[in-house]
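What follows is a single structure, written as structure tokens, with notes after it.
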Amino acid sequence: MTRLLIMGPPGSGKGTQASLVAAKFDIPAISTGDIFRANVSEGTPLGVEAHKYMSAGEYVPDSVTNDMVRDRLSQPDAKSGFLLDGYPRTVSQVDFLDKILSEQHASIDRVIELVVDVEEVVSRLLRRAAEEGRPDDTEEVIRHRIELYFEQTEPLTAVYDARDLHVRVDGTGSVEDVAARIAEAIDA
Ligand code: AMP
């Protein structure tokens, strides 16, 4: 059983690393950002609601996000383990996840925090926005998303630190180098 969380500012490469780690442990990588984006492109009511916040670089309200995560974690493929990417992002999401897991008599095994240089992250995101033609990714929105991360999400590492679950991993360097550091941190 492997239940993992990966955290890191936008542009830290956590999505790429999440897929690699999930493949290694044969568990689903569950990205709330990906689920929102899929709903936005399908034009579902959830997508329409989420897009209002995503386009401004704001967090989608917990009332929307939490129920979506509960549904996803109740699916059979998540029963024996999962890697959550981009959730929890707020204190109330931590509480909600604790509740879901305690109902399942389960718990988190490790919380990986990818640590990167903020200015490097901004230029990486701006490059990606230009390459992939994401009109929502203006510099202002990108900076706001990063600020929000440090204001609301980064403090959650202290919560998991107190539970002895949090490990910091240097997120700079090649995808392979970072993946190797994460593997080491999970085994430690
Ligand atoms: P990400 O791909 O993880 O950077 O997520 C993209 C966007 O989706 C974020 O900027 C938020 O607007 C929204 N989002 C993703 N996960 C969450 C979450 N756990 N809580 C609130 N909003 C989220």
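The values are calculated or read from the model by the stated rules, or taken from the named source; none is laboratory data. All figures in this text were calculated on a predicted structure; none of them were measured in a lab. Neighbour counts run over all protein chains shown; Cβ positions are idealised from the backbone, glycine included. To get the accessible areas, we keep the full protein, side chains included, count just its heavy atoms, and leave off ligands, DNA and RNA. Shrake-Rupley method; radii C 1.70, N 1.55, O 1.52, S 1.80 Å.
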Breaking point among (1) assigned to a loop (DSSP other than H, G, I, E, B); (2) within 13 Å of the ligand (Cβ to nearest atom), for A106: (2)
In the range 109-125, residue farthest from A18 (Cα to Cα) [restricted to those that are open to solvent by 60 Å² or more (accessible area, probe 1.4 Å) and not in a loop (DSSP other than H, G, I, E, B)]: E119
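Kindly provide the set of residues from the range 52-91 that are small (G, A, S) and within 28 Å of F25 (Cα to Cα), ordered by number. Even if it seems obvious, please write down each step before you answer.
Let us first name the residues in the range 52-91 that are small (G, A, S), namely 55-57, 63, 74, 78, 80-81, 86.
Selection gives S74, A78, S80, G81, G86.
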Contacts under 8 angstrom Cβ, first residue in the range 169-188 being farther than 17 Å from L5 by Cβ, partner in a loop (DSSP other than H, G, I, E, B), 6 or more apart: T172/V116; T172/D117; V175/G13
Unique match (being within 13 Å of the ligand (Cβ to nearest atom), among the hydrophobic types (A, V, I, L, M, F, W, C) and over 16 Å from I6 (Cβ atoms)) among V64, V122: V64
Matching residues in the range 85-103 - criterion: being within 12 Å of the ligand (Cβ to nearest atom) and open to solvent by less than 40 Å² (accessible area, probe 1.4 Å): D85, G86, Y87, P88, T90, Q93, V94, F96, L97
Residues located in the range 1-14, provided they are more than 10 Å from the ligand (Cβ to nearest atom) and among the basic types (K, R): R3
Any chance E139 is loosely packed, with under 13 Cβ neighbours inside 10 Å, touching a helix residue (DSSP H, G or I) at 6+ places or on another chain (Cβ under 7 Å), more than 19 Å from R3 (Cβ to Cβ) and free of Cβ contacts under 8 Å to residues at least 40 places away in the same chain: yes
Residue match in the range 15-26 (condition: outside any helix (DSSP H, G or I) and either more than 9 Å from the ligand (Cβ to nearest atom) or over 23 Å from E151 (Cα atoms) (or both)): yes
From A29, A50, A56, residue being under 17 Å from the mean Cα position of the chain (by Cα), small (G, A, S) and either over 29 Å from G81 (Cα atoms) or more than 9 Å from the ligand (Cβ to nearest atom) (or both): A29
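Looking at the structure I just gave you, is D71 under 22 Å from E154 (Cβ atoms), in a helix (DSSP H, G or I) and either open to solvent by 30 Å² or more (accessible area, probe 1.4 Å) or not aromatic (F, W, Y) (or both)?
No, not satisfied.
Can you name every residue in the range 39-74 that is free of Cβ contacts under 8 Å to residues at least 24 places away in the same chain and under 27 Å from S102 (Cα atoms)? Don't jump to the end; show me each part of the working.
The initial filter retains those residues of the range 39-74 that are free of Cβ contacts under 8 Å to residues at least 24 places away in the same chain, namely 39-53, 61, 63-64, 67, 71, 74.
Across the range 39-74, the qualifying residues are L46, P61, S63, V64, D67, D71, S74.
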Top-ranked residue of the range 44-66 - restricted to ones that are more than 18 Å from Y149 (Cβ to Cβ) and among the polar types (S, T, N, Q), ranked as surrounded by the fewest Cβ atoms within 10 Å (Cβ to Cβ): S63
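Select, from F36, F82, the only residue that is under 17 Å from D109 (Cβ atoms), crowded, with 18+ Cβ neighbours inside 10 Å and either among the aromatic types (F, W, Y) or free of Cβ contacts under 8 Å to residues at least 60 places away in the same chain (or both). First the steps, then the outcome.
Values: F36 fails: under 17 Å from D109 (Cβ atoms).
One residue alone meets the criteria, F82.
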